[in-house]
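Encoded as structure tokens, the structure appears first; notes follow it.
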Ligand code: PBG
């Protein structure tokens, strides 16, 4: 029945009514906080200019930060490592005494109930900054890279990682990671696959934070073309076949339609990565007095959930917990 019998404003009249009919909820239980853990002598915390409020952490600072995340009700952290040394093969990634491995052990010792997810990639560990091994012609060599990604995932699991998250975008790497984990006695370790990871301008601040900017070229020969939605669904379905337990879309905000399509196509839990550039935009606008940070963050995170994400990986996680 149309107006005047139907009046949608009736259910918007009071906060209690609005709350009663709210379709999408945001809770600390849906969010994951990324942490940058830095190897080497720097004790404590180093601010990251491009990511106001986010710091590179020593292992002990990361343990402290993980404790704060847990106390705020966050279920999980996602670890990124910044090694002391880089080389052509990214050996720091699959070193059992590497930075992510050491940090994982320390965090799990101190906070056994907190889920530790690890980003599995070579780009922070290679001196050329690409996500895999280079062939002589400079192209990233898919199959040997996927093998090293699998080795890295097993090394993280051995260190106590609860969940591994490959972010390299090599073909077949989810299958390779699953097989390697199963072989090494980690059949119960879930994989969060960065399935639809786009070659995005919004990773800029992350690359400054992690020191992982490619030394030459770009990532467009392995990360996805931002113009492609159907291909993103294909990527996700392939990862499901290869054994992914959760599929991810990254970035989130310019790809809300992709989140929805991947959710509908896979019916798996879907994660969305609210990336560094998305965080930096809100921080910059808020610092300039152009918008209300709290309202903008909560609206943004809610919209990612409304699009279909079950899990939101976000640098705003601690602030959002305090505001909810
Ligand atoms: C590593 C990786 C990147 C991000 C997560 N994992 C950078 C990239 O692919 O260049 C980006 C995260 C962010 O921007 O917050 N492969």
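The values are calculated or read from the model by the stated rules, or taken from the named source; none is laboratory data. Every value quoted in this text rests on a predicted model; they were computed, and no experiment measured them. Positions of Cβ are generated from backbone atoms using ideal geometry, with glycine treated the same way; all protein chains shown enter the neighbour counts.
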For this session: Go through the residues of segment 281-289 one by one and say whether even a single one is under 20 Å from residue 27 (Cβ atoms), surrounded by fewer than 20 Cβ atoms within 10 Å (Cβ to Cβ) and away from the ligand (no atom under 16 Å from the Cβ).
Result: no
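This table checks each residue for (1) out of contact with any helix residue (DSSP H, G or I) (no Cβ under 8 Å at 6 or more places or on another chain); (2) at pLDDT below 95.
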{"position": "190", "(1), (2)": "yes, no"}
{"position": "199", "(1), (2)": "yes, no"}
{"position": "202", "(1), (2)": "no, no"}
{"position": "208", "(1), (2)": "yes, yes"}
{"position": "221", "(1), (2)": "yes, no"}
{"position": "226", "(1), (2)": "no, no"}
{"position": "231", "(1), (2)": "yes, no"}
{"position": "258", "(1), (2)": "no, no"}
{"position": "284", "(1), (2)": "yes, no"}
Seminar exercise, completed: Considering segment 196-218, residues that are over 20 Å from residue 83 (Cα atoms) and within 11 Å of the ligand (Cβ to nearest atom), and then whichever is farthest from the chain's Cα centre (by Cα), we arrive at 218
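Do the conditions hold for residue 73, that is, is it part of a loop (DSSP other than H, G, I, E, B) and in contact with a helix residue (DSSP H, G or I) (Cβ under 8 Å, 6 or more places away or on another chain)?
When the stated conditions are applied, residue 73 passes them.
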For this session: Could you tell me which of the residues 187, 193, 221, 232 is away from the ligand (no atom under 16 Å from the Cβ) and more than 24 Å from residue 51 (Cα to Cα)?
Result: 187
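To keep it simple, each residue is scored yes or no on (1) in a helix (DSSP H, G or I); (2) touching a residue at least 24 places away in the same chain (Cβ under 8 Å); (3) out of contact with any helix residue (DSSP H, G or I) (no Cβ under 6 Å at 6 or more places or on another chain).
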{"position": "63", "(1), (2), (3)": "yes, yes, no"}
{"position": "104", "(1), (2), (3)": "yes, yes, yes"}
{"position": "129", "(1), (2), (3)": "no, yes, yes"}
{"position": "145", "(1), (2), (3)": "yes, yes, yes"}
{"position": "151", "(1), (2), (3)": "yes, yes, no"}
Exercise. How many residues does segment 125-170 contain that are within 11 Å of the ligand (Cβ to nearest atom) and in contact with a strand residue (DSSP E or B) (Cβ under 6 Å, 6 or more places away or on another chain)?
Worked result: 7
Seminar exercise, completed: Within segment 106-127, the residues that are in a loop (DSSP other than H, G, I, E, B) and over 17 Å from residue 95 (Cα atoms) are 111, 112, 113, 114
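Specify the residue that is farthest from residue 264 (Cα to Cα); the eligible residues are those in segment 219-230 that are under 20 Å from the mean Cα position of the chain (by Cα) and touching a residue at least 40 places away in the same chain (Cβ under 8 Å).
Checked segment 219-230; the qualifying residue farthest from residue 264 (Cα to Cα) is 219.
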Exercise. Residues of segment 300-324 being free of Cβ contacts under 8 Å to residues at least 60 places away in the same chain and exposed (fewer than 15 other Cβ atoms within 10 Å of the Cβ), which ones?
Worked result: 323
Problem set entry | Complete set of residues in segment 76-88 that are under 20 Å from residue 147 (Cα atoms), assigned to a loop (DSSP other than H, G, I, E, B) and within 16 Å of the ligand (Cβ to nearest atom) | 86
For this session: State whether the residues of segment 68-81 include one that is closer than 30 Å to residue 136 by Cα, touching a residue at least 24 places away in the same chain (Cβ under 8 Å) and crowded, with 22+ Cβ neighbours inside 10 Å.
Result: yes
